[in-house]
């Protein structure tokens, strides 16, 4: 990679980090491009070389988080065998999800608990829904009834998981990722009977 490409990437990272820092303090709607540029130690012109506007920047931040999450969760070894129940496989994936969020709790608190969180919550739910629909994650609800279209079942499974994540992040004394995964899988198993 040449020097200008490295500088380009480091400037983009600085701008994204600046937005993240500002989001800890105030709602996205109240943040200006000038504030982002000042926080990133660049001028507004440099900001516009990388992003059309602050909405494009925010979308890039959210996309990067979701891409990293997907890579971490889907590309890690999950132990299962034909003898293991699908619940055990789901449990391992959910532990990975909660562990990932726990390691990046500040980012997820900003993206899921602030005033602009509804769009990220929907995007995260959409990603998890795809994992259920395409069989990348097993879920007891997906086997519930053949007369209910799977996209509805996957939406319910994903929405409940995102809601659990939000509640977990809002709790001062959080349970471990393993305990939260167990809670979720138990609740999912109850809903599938």
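The values are calculated or read from the model by the stated rules, or taken from the named source; none is laboratory data. What you see is a predicted model; the values in this text were computed from it and never measured. Neighbour counts run over all protein chains shown; Cβ positions are idealised from the backbone, glycine included.
Scan region 26-43 for residues that are at pLDDT below 95 and either in contact with a strand residue (DSSP E or B) (Cβ under 9 Å, 6 or more places away or on another chain) or part of a helix (DSSP H, G or I) (or both) and jot them down. Hits for region 26-43 are 28, 29, 30.
Taking the conditions (1) out of contact with any helix residue (DSSP H, G or I) (no Cβ under 6 Å at 6 or more places or on another chain); (2) without any contact (Cβ under 8 Å) to a residue 40 or more places away in the chain in turn, residue 119 satisfies each one other than (2). With respect to the conditions (1) modelled with pLDDT of 95 or more; (2) within 16 Å of the chain's Cα centre (by Cα), residue 176 lacks only one, and its number is (2). Among residues that are in a helix (DSSP H, G or I), at pLDDT 90 or above and exposed (fewer than 15 other Cβ atoms within 10 Å of the Cβ), residue 67 is included.
Residue 153 passes all but one of (1) under 23 Å from residue 117 (Cα atoms); (2) surrounded by 13 or more Cβ atoms within 10 Å (Cβ to Cβ); which number fails? The failed condition is (1). A single entry from 23, 57 fulfils the requirement of being at pLDDT 95 or above and either under 25 Å from residue 101 (Cα atoms) or assigned to a loop (DSSP other than H, G, I, E, B) (or both): 57. Of the residues that sit in region 156-173 and are farther than 19 Å from residue 111 by Cα and under 20 Å from the mean Cα position of the chain (by Cα), which one is surrounded by the most Cβ atoms within 10 Å (Cβ to Cβ)? Selected residue: 157. Of everything in region 121-141, what is within 12 Å of residue 166 (Cβ to Cβ) and crowded, with 21+ Cβ neighbours inside 10 Å? Give them in sequence order. Selection gives 124 alone.
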